[in-house]
Amino acid sequence: MRIQDFSHRTGVPAKTIRYYEEIGLLPNPARGENNYRQYNERDVERLHLVAGARRLDLSLEEIREILDLRDRREAPCRVLLERLEHKAVEIAERIRNLQQMERNLRDLHALGMTFPTDDVDGKYCVCHLVSEHAKE
């Protein structure tokens with residue numbers, strides 16, 4: 001199958017496919033007589049793994065590690081499980097940080113609503129609160 005079909009079948013843009021080939025996540029494809037890239041079912045399976053891992057926010061290096069294990073005929077399942085757990089912990093931390101940021105924003109907004117909104121110098125208004133927040 002040509003790159004347009006490969007892209008359509010996997011949901012990965014052709015530009016991204018070329019990039020993955022360039023950095024070695026996908027092997028260089030066979031070429032037809034017309035020099036067009038030719039992909040097969042193994043390429044589809046490999047790209048599905050790469051795309052699924054990217055959607056789960058695994059880094060390209062983490063994906064490379066998993067693919068390298070697979071290419072050496074070693075099961076990557078334990079490594080992938082570790083990466084998934086690490087990613088879940090990382091996301092939970094980001095969520096906590098975002099929730100704290102939301103509380104801070106709401107607190108600043110509520111306090112800022114009690115200040116004048118016409119202080120051009122920004123000394124007695126919400127602008128001052130935001131400036132002070134940067135010092136924390």
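Dividing the Cα convex hull volume of the range 1-74 by residue count, how many Å³ per residue is that? Numbers along the way, then the final one.
On the way: hull volume 6.5 nm³, N = 74.
Cα-based convex hull of the range 1-74, divided per residue, equals 87 Å³.
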ask   = In whole Hz, what ³J(HN,Hα) sequence does the range 35-40 give by Karplus (6.51, -1.76, 1.60; θ = phi - 60°), x for Gly and Pro?
value = 6, 6, 5, 10, 10, 10
query = If one computes P(r) from the Cα atoms of the chain, what percent of pairs lie at distances over 20 Å?
reply = 63 percent
query = Based on DSSP H assignment, which helices of the chain show an axial Cα extent of at least 18 Å together with a mean Kyte-Doolittle hydropathy greater than or equal to -1.0?
reply = 41-55, 77-112
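Rounding to the nearest 20 debye, state how big the charge dipole of the chain is about its Cα centre with +1 on each Lys and Arg Cβ and -1 on each Asp and Glu Cβ.
That gives a dipole near 620 debye.
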ask   = Hey, what number do you get for the chain at 222 nm if only DSSP H runs of n ≥ 4 count, each worth -39500 (n - 2.57), divided across all residues, to the nearest 500?
value = -21500 deg cm²/dmol
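Any idea what the dipole of the range 92-136 comes to, in debye rounded to 20, about its Cα centre with Lys/Arg Cβ at +1 and Asp/Glu Cβ at -1? If you can, show how the numbers build up before the last one.
Details: 6 positive and 8 negative charges, 51 e Å.
Approximately 240 debye in magnitude.
Any read-out appearing in this document is the output of simple, stated calculations on the displayed coordinates, not a laboratory observation. Here the structure is a predicted model, which is why all the values come from computation and not from measurement. Glycine gets a Cβ as well: all are built from the backbone with ideal geometry, and neighbour counts include every protein chain shown.
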